[in-house]
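This report refers to the structure that appears directly beneath it.
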Amino acid sequence: MILKPHLEDVKIIGFYLGKIILGLAFTMLAPLLVSLCFGETNPALDFLLGIEISVLLGLLLIKICQTDKDLNWMQGMIVVSLSWVVAMILGAIPLFLSDHWKSFLDACFEAMSGFATTGLVLVQDLDHLSHAHNFWRHFIMFLGGQGIVVIALSFFVRGFSGAFKMYVGEARDEKIMPNVINTSRFIWLVSIVYLVLGTLALGLAGIFNGMKPVSAFFHGACIFMAAFDTGGFSPQSQSILYYHSFVYEIITMIIIVLGAFNFKLHYHLWMGNRKELVKNIETRTFFATVIATFVLVAVGLAQAGVYPAALTLFRKGFYQLISGHTGTGFQTIYAAQFVRDWNPLALSGIIIAMALGGAVCSTTGAIKMLRIGIIFKAFKEDLKRIIMPERAIVIEKFHHIREVFLEDKLVRGALMITLAYIILYGAGALVGMFYGYPFLEALFESTSAAANVGLSCGITNADMPVVLKITYILQMWAGRLEFMSVFTILGFLIARMEGK
Amino acid sequence: MKKIILTASLLILFGLMGLVPAISAQAPTSSELIKYAKQYDSRIITYSGEIIGEVLRQGEFVWLNINDGENALGVWVDAGLVKEVFLAGSYKTRGDRIEITGVFNRACAQHGGELDIHAQSLRKIGSGRIVKEKLNVDKINLSFILLGALLLVWILTLFKHK
């Protein structure tokens, strides 16, 4: 028997949602400040309006739904999934007001792409966009990468037991510190330290490349946020091609890979445990899958004959691959070149890399390395069982911070999420094919959206069908939250309609 | 016989034109250059558009990013050809419009496989301008209305507490 949710459930959800909305309003002060620094008046008004609407909505929810009760699992999950939808709508308001997006849906698409650290864009005339709006596009990637709820937990919540439920709902099931609030704060510490170092490195590279200092550091900060959070937005329409710099490509690749590492691994590396980098199942799997998928890309590109020199082939092929594998989406080729110049084998290599993703508890999306590693170990265990005598006891272990025995429960969980991702990739591809796009291109764009990558072969543009835009928004949302909190909200709605 | 040869020649000519329908020999757009990169590779083309972002000076050469309204392409220019300070397009400016003639590269060997143009000549075809921001009165009015609504909610909250 399905139990119908009570009004009290709705009130508790509304109350905590209101708090998160207030947190989001607070973050809009940053682009407002940027607009004032660069003397951009209308963008300042756009963000002022965004803040006012958010504060109003947040306050109303808190006052109407006032409660002192803590969250249970279901409520925590629903708060998380709704937070992302509300963040998309509120975050889209200042974007839409700038007149650089053709419709509010397009602005919502861009906002979800930012928060979910995807990087697919529908912006018009990006090269004339204000500093404030450009900063906001990149800043929402920084916020979304760490997790909207992580922000609330870090700065606006003074320890309540529901915190862990919201933390898990945001696809972060690993605790680095004994409690989640300290874990959230550590995630922010890591991110801010790298922000300073990364911006400095990119800013200096920009100056070396002929940019003016203010512009170089502004671009540096934006590109860092998009790189570390494996997002993929860029301040100019040409993505990383704008800089025409090998140094810039190298620095962004380092930042991208750092962003794709588990925050728990960062913690151990910071604590001096460098061996963890070599022993960890995630880094080992990442290394193996990068090599395997790069072989596909390299053979494909060699067959296509686009890049006659081996070094050029490596530079172009490896950059797009690492960008896709980590779920970033920076490009050093034009979108149409994927289809026109790369052959299906090279394209398939990128699609597989995008589908795999980076580490769990990182800023990447997709299936993720831990699950791939576990599935591989399970295959290995089963093979051993077949080969070895019947009486032999086969035990498989893997190293992830500590030695872990491979249990059926772990394998089941990894396979479930992997299956859910494969269905999500396929479903988006089917919708793309329904609108007449070829299979490989539809699968490429769908995987890019669902795995929160942002590489595009040209399907994503303002003139694509509305249904396809909504499909990609849903894919980005479900892919970023890793299904559980999205399933919970569906269950809540069904229980509300059919429960007793 | 002459008629047959003439007809056959015309058929071959139109046939070839049919194979490369979208290639305009004079001034292709950025989309055409990207789409038919193989056909345009190593050919001299003319390309025009607005300079965007910044003029990136690198020693004896300069990178210009030229947006023709469809895409922005990188143009590698000898600094000697750049005789004046260009205005580049941004939020507060509309950049100078220039026309360049140069060699188009599908995957430039000198620049790590980049799709670019190496300019041989360059001329300014339109001056850029500073864009003056016009304050949007509707946005100001709306912000005051919302501020009023916020104050109302705050006052109501105070009453509720009492």
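Just so you know, all these numbers are worked out from the coordinates, no wet-lab data involved. This is a predicted model, so every value here is computed, not measured. Counting neighbours? That spans all protein chains shown, and the Cβs are built from the backbone with ideal geometry, glycine included.
Details
- Placing pseudo-labels 7 Å out from each Cα toward the beta carbon at A:LYS4 and A:VAL466 gives an inter-label distance of 3.3 nm.
- For the pair B:ILE140 and A:PHE208, a Förster radius of 41 Å applied to the C-beta separation gives a FRET efficiency near 0.45, rounded to the nearest 0.05.
- DSSP-loop chymotrypsin sites (Phe, Trp or Tyr not before Pro) across the range A:428-464, with at most 16 other Cβ within 10 angstrom: A:TYR435
- Sequence-separation-based contact order of the range B:26-130, relative, with Cα cut under 8 Å and 6+ spacing, percent: 28 percent
- With both labels modelled 7 Å from their Cα along Cα-to-Cβ, the B:THR101 to B:LEU156 distance reads 7.1 nm.
- Converting phi to 3J(HN,Hα) with the Karplus coefficients 6.51, -1.76 and 1.60 and the offset θ = phi - 60°, the range A:394-400 yields 9, 10, 10, 10, 9, 9, 9 Hz in sequence order, with x at every glycine or proline.
- The loop-placed trypsin sites (Lys or Arg not before Pro) in the range A:17-71, going by DSSP, that have at most 15 neighbouring Cβ atoms within 10 Å of their Cβ come out as A:LYS69.
- Global form of chain A, assessed from the alpha-carbon gyration tensor, a/c cut-off 1.5: rounded
- Rough spin-label spacing in nm, given labels placed 7 Å along Cα→Cβ, for B:SER48 and A:ASN343: 4.0 nm
- Seen through its C-alpha gyration tensor, with square-root eigenvalues sorted a ≥ b ≥ c, the range A:178-464 comes out oblate because a/c lies at 1.5 or above while a/b is not bigger than b/c.
- A straight chain from A:LYS102 to A:ALA30 at 0.36 nm per residue would run longer than the Cα-Cα distance by 23.4 nm.
- Vicinal HN-Hα couplings computed from phi for the range A:357-372 (Karplus, 6.51 cos²θ - 1.76 cosθ + 1.60; Hz; Gly/Pro x): x, x, 8, 5, 6, 10, 9, 8, x, 6, 4, 5, 5, 4, 5, 4
- Take every DSSP beta bridge whose two residues both sit in the range B:26-130; close to 90 percent of them are antiparallel.
- Scanning chain A for GluC sites (Glu not before Pro) lying in DSSP loops with no more than 14 further Cβ atoms inside 10 Å, the longest uninterrupted stretch between such sites is A:1-389.
- Here the Karplus curve 6.51 cos²θ - 1.76 cosθ + 1.60, taken at θ = phi - 60°, turns the phi angles of the range A:186-195 into couplings of 5, 4, 5, 4, 4, 5, 6, 4, 5, 4 Hz, with x standing for Gly and Pro.
- One chain, two ends: A:GLU390 and A:ILE422. Fully extended at 0.36 nm per residue, the span grows by 8.1 nm beyond their Cα-Cα distance.
- Sparsely packed loop sites in the range B:131-161 (the trypsin sites (Lys or Arg not before Pro) outside DSSP H, G, I, E and B with at most 13 other Cβ atoms within 10 Å) comprise B:LYS132, B:LYS134.
- Over the protein assembly as shown, DSSP H runs of length four or greater, each weighted -39,500 (n - 2.57), average out per residue to a 222 nm ellipticity of -19500 deg cm²/dmol.
- Summarising the amide proton neighbourhood of B:ASP116: residues at separation of 5 or more, or on other chains, whose placed amide H is nearer than 5 Å comprise B:ASN105, B:CYS108.
- At R0 = 41 Å, FRET efficiency that the Cβ-Cβ distance of B:ARG129 and A:ASP68 yields, to 0.05: 0.10
- The Cα atoms of the range A:390-500 give a gyration tensor whose axes a ≥ b ≥ c have a/c of 1.5 or more with a/b no greater than b/c, which makes the shape oblate.
- Summing charges over neighbours of A:ASP125, with a neighbour being any other residue whose Cβ is under 12 Å away from its Cβ, gives -2 when K and R count +1 and D and E count -1.
- Cβ-Cβ distance of A:ILE254 and A:LEU277, R₀ of 22 Å, FRET efficiency by 1/(1 + (r/R0)^6): the value works out to about 0.95.
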